[in-house]
Amino acid sequence: MQMDNRKANPSIDCTITHCANHCTSENKCSLDRILIGTHEANPTVDQCTDCKSFRLKK
């Protein structure tokens, strides 16, 4: 399925254009839900969080 055919989820804003789940027509994610995680043992700032649903666009 090509990204342009995916429906934008109005509940998930996203500006990561390098992600395969990003809708090219607007700054939205095409997934029904996403997983947010962390790479830190004790996250204290937003930079410590990650979108675990990220998939690199090929």
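The values are calculated or read from the model by the stated rules, or taken from the named source; none is laboratory data. Computed from a prediction, not measured in an experiment: that's the story for all the values here. Here the Cβ is made from the backbone with ideal geometry for all residues, glycine too, and neighbour counts use every protein chain on show. The area values use the complete protein model at the heavy-atom level, side chains included, leaving out ligands, DNA and RNA. Shrake-Rupley method; radii C 1.70, N 1.55, O 1.52, S 1.80 Å.
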Farthest toward the dipole's positive end in the chain, which of T24, C14, A41, given Cβ charges of +1 (Lys, Arg) and -1 (Asp, Glu) about the Cα centre? T24
Estimated FRET transfer efficiency (T44, H18; beta-carbon r; R0 35 Å; 0.05): 0.85
Please report the carbon-and-sulfur percent of the accessible area for the chain; probe 1.4 Å, protein heavy atoms only, DNA, RNA and ligands left out. 51 percent
When the chain is treated as a Gaussian network with springs between alpha carbons less than 10 Å apart, the largest mean-square fluctuation among C29, C14, C48 is found at C48
